[in-house]
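The values are calculated or read from the model by the stated rules, or taken from the named source; none is laboratory data. None of these values were measured; they are calculated from a predicted model. Ideal geometry is used to build each Cβ from the backbone, glycine not excepted, and the neighbour counts take in all protein chains shown.
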Amino acid sequence: MNTSASSPWRRFLGWLVELDSIHLLILGYSSYIIFGWLVLCLPFAHQDGSGTWLDHLFTSTSAVSTTGLVTISTSDAYNWFGEFTVMMLIQFGGLGYMTISSFVVLAVSGGLSPMRERMGTTALSLPDGFQVRDFLKVIVVFTFIIEALGAVALVPVFRAHGVASPIWQSIFHSVSAFCTAGFGLFNDSFESYRGDVWLNVVISVLSYLGAIGFIVINDVWKTIRHRKPHLTLTSKVIMLSTFWISLIGTVLFFVDEPTVRSLPVGERWMTSLFQVMTASTTVGFDTIPIGKLGASSTFLLTIVMIIGASPSGTGGGLKTTTLTAVWAEMMSVLRRRNKTTFLGRVIPEIRMRAAVANLVFYLLALAAGIYCLALVESAPLADQMFECASALGTVGLSRGVTGSLTPIGKGIIIALMFVGRLGPVVLGMAFFSTPRARLERTDRHEISEDVAI
């Protein structure tokens, strides 16, 4: 009897063992979403009983994918338990599947199984030279320290504005900002805090720290402690690209956006920086109504959202390293060079192939999402394109389309958010990649130890 009872369980475990790391990632994120959805559907998680099962699934997917798009108000629809559930889904989604569980296993047993090592490398987009075990410790410890400091820094802001439960508000928004989720407990995001310098600074710092990626944090920390002689090429690429995207985007937004021209100069610069920051880090907060932006600013934010954050961080999008690699390839062609270089370093061919595949799959997923949404929704096409770019980039900015979506439209956005969290190229590999036995024999020695795409 025991044998027959345990047979299905053994077959299930055997099936899990046979899965490669990419399929396990898909299964893991799906289980997070389903679990969160079931919890949010419970009657005692609601505040006013609003929302259908599809709305709760939308919220769960948005939280796990750290997007921030919602079809119902988080603060109006859910009580404290529901809000806490959303925050935990954001935390697990931001840190990434396997990160926390592997950290617990590592703390208890002192080691990781080969499967968890492979999962960690795939989930965190780690280049060679990074030890998964050491990297997991850096991720978890750094995350909780920064989120705690962010919460402490936000408490005076919310108390000064007379917000109810300022401590809880501070914790929730600190986690949401660092995980670049964009979920808020204010229905107008941070539009009421547009002129609050301290809040703008704290939220921006939290978002940038989450978006630049744990590779950079780990690299900078080791360099400061003199355990490494210099920063890796990946860290230099990420910091340079993040800086220039923020600088150029802020200047263009400041000069061109009509809704900020009437603001005082200092507040105008701060608002411009915040909106470009929120798109580039994919955090999704706003201090001015996105639906009222001019056409050029809307297009600018769409481009920035598509580019997105950096690998091994909490943000989404195409990734700055992919953009840099494709840019370097273009410049090498224009200069008639046989090798692709950036900052004087040769980018390996295998990394260039990964960057091109990522770009193509991302644009195909975006085009498919826009086309499908246009088939079932009546909103202006420009707004639908912005919505799809926000969902696939896991940003969370919206021009007012989300709340009026049809059930089919909600399903399309759910699919885009899920694909955006995994990465379109990862989903493509799940369908088209070689079996695990051949994947394990990939020529990893061809990959540079300090380049990640």
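What the table shows:
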| quantity | calculated |
| --- | --- |
| Number of positions in region 19-51 that are more than 18 Å from ARG421 (Cα to Cα) and among the polar types (S, T, N, Q) | 2 |
| Some residue of region 441-448 being at pLDDT 95 or above, of a type outside the set (Val, Ile, Thr) and in a helix (DSSP H, G or I) | no |
| Residue list for region 273-286, filter: closer than 13 Å to PHE253 by Cβ and crowded, with 24+ Cβ neighbours inside 10 Å | PHE274, GLN275, VAL276, MET277, THR278, ALA279, SER280, ASP286 |
| Boolean, THR314 is within 19 Å of LEU247 (Cα to Cα), of a type in the set (Val, Ile, Thr) and either in contact (Cβ under 8 Å) with a residue 60 or more places away in the chain or touching a Leu at 6+ places or on another chain (Cβ under 9 Å) (or both) | no |
| Enumeration of residues in region 303-317 that are crowded, with 24+ Cβ neighbours inside 10 Å and more than 15 Å from TYR208 (Cα to Cα) | none |
| Region 359-402: number of residues that are under 21 Å from GLY423 (Cα atoms) and either assigned to a helix (DSSP H, G or I) or of a type in the set (A, V, I, L, M) (or both) | 26 |
| Filter result for LEU263 (surrounded by fewer than 15 Cβ atoms within 10 Å (Cβ to Cβ) and either assigned to a helix (DSSP H, G or I) or of a type outside the set (Lys, Arg) (or both)) | no |
| Among the residues listed as PHE285, PHE299, PHE254, the single one being touching a Gly at 6+ places or on another chain (Cβ under 9 Å) and at negative phi | PHE285 |
| Residue identified as buried (at least 21 other Cβ atoms within 10 Å of the Cβ), within 22 Å of LEU209 (Cβ to Cβ) and modelled with pLDDT under 95 among ALA177, ALA151, ALA123 | ALA123 |
| Qualifying residue in region 376-383 (condition: β-branched (Val, Ile, Thr), within 28 Å of SER73 (Cβ to Cβ) and touching a residue at least 60 places away in the same chain (Cβ under 8 Å)) | no |
| Qualifying residue in region 289-302 (condition: surrounded by fewer than 20 Cβ atoms within 10 Å (Cβ to Cβ), in contact (Cβ under 8 Å) with a residue 40 or more places away in the chain and not in a helix (DSSP H, G or I)) | yes |
| Residue match in region 242-253 (condition: surrounded by 22 or more Cβ atoms within 10 Å (Cβ to Cβ) and more than 22 Å from the chain's Cα centre (by Cα)) | yes |
| Cβ-Cβ under 8 Å pairs, at least 6 apart or on other chains, region 404-416 side closer than 16 Å to GLY51 by Cα, far side aromatic (Phe, Trp, Tyr) | LYS410/PHE58; ILE414/PHE58 |
| Test set (1) touching a Ser or Thr at 6+ places or on another chain (Cβ under 9 Å); (2) in a helix (DSSP H, G or I); (3) modelled with pLDDT under 85 - PHE253 fails condition number | (3) |
| Condition check for LEU209: of a type outside the set (Gly, Ala, Ser), crowded, with 18+ Cβ neighbours inside 10 Å and at pLDDT below 95 | yes |
| Region 47-81, residues that are surrounded by 24 or more Cβ atoms within 10 Å (Cβ to Cβ), of a type in the set (A, V, I, L, M, F, W, C) and not in a helix (DSSP H, G or I) | LEU69 |
| Single residue of PHE186, PHE190, PHE214 found to be more than 14 Å from THR242 (Cα to Cα), crowded, with 24+ Cβ neighbours inside 10 Å and among the aromatic types (Phe, Trp, Tyr) | PHE214 |
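Yes/no matrix, rows are residues, columns are (1) modelled with pLDDT of 95 or more; (2) in contact with a Lys or Arg (Cβ under 6 Å, 6 or more places away or on another chain); (3) under 20 Å from GLY411 (Cα atoms):
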| position | (1), (2), (3) |
| --- | --- |
| GLU18 | no, no, no |
| SER21 | no, yes, no |
| ILE26 | no, no, yes |
| ALA45 | no, no, no |
| SER101 | no, no, no |
| ALA107 | no, no, no |
